[in-house]
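Please treat every number below as a calculation from the coordinates, not as lab data. In this text, all values refer to a predicted model and were calculated from it rather than measured experimentally. Here the Cβ is made from the backbone with ideal geometry for all residues, glycine too, and neighbour counts use every protein chain on show.
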């Protein structure tokens with residue numbers, strides 16, 4: 001049904017057409033992120049997804065050191081749970097040490113990982 005017919009039907013029924021809300025705008029300005037001064041100060045975590053030829057989806061967790069741009073781990077699986085992500089972060093931290101901070105895309109790292117709890 002097009003918008004003209006919708007408005008006509010609503011007008012005949014003496015109703016008002018609901019209007020969509022506007023786009024949300026950011027308030028204030030963001031402070032730029034400081035660059036790390038040495039390796040192992042900040043890691044970036046991100047998910048990459050793709051599909052196989054038979055349409056099965058898979059995801060890859062990428063863990064990167066921001067200073068050296070070194071890829072610390074690539075973990076590929078059909079589904080990556082939060083427990084699996086935490087296990088992989090702990091595995092990388094065993095041979096690399098824990099970072100001072102972490103930057104994340106779609107996931108929220110727990111403060112327990114950063115503090116070693």
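With the simple spin-label model, which puts each label point 7 Å out from Cα in the Cβ direction, the residue 39 to residue 4 separation comes to 6.8 nm. Suppose the Debye formula is applied to equal point scatterers at every Cα of the chain; what is log10 I(q)/I(0) at q = 0.20 Å⁻¹? Values returned for q = 0.20 Å⁻¹ are -1.10. Between residue 69 and residue 23, the FRET efficiency from the beta-carbon distance, with R0 = 41 Å, is close to 0.75.
Report the calculated FRET efficiency for residue 96 and residue 52 (r = Cβ-Cβ distance, R0 = 22 Å), to the nearest 0.05. Walk me through the numbers on the way to the answer.
Numbers: r = 31 Å, r/R0 = 1.40.
According to the calculation, E is roughly 0.10.
In terms of surrounding Cβ atoms within a 10 Å radius of their Cβ, 35, 1 rank from fewest to most as 1, 35.
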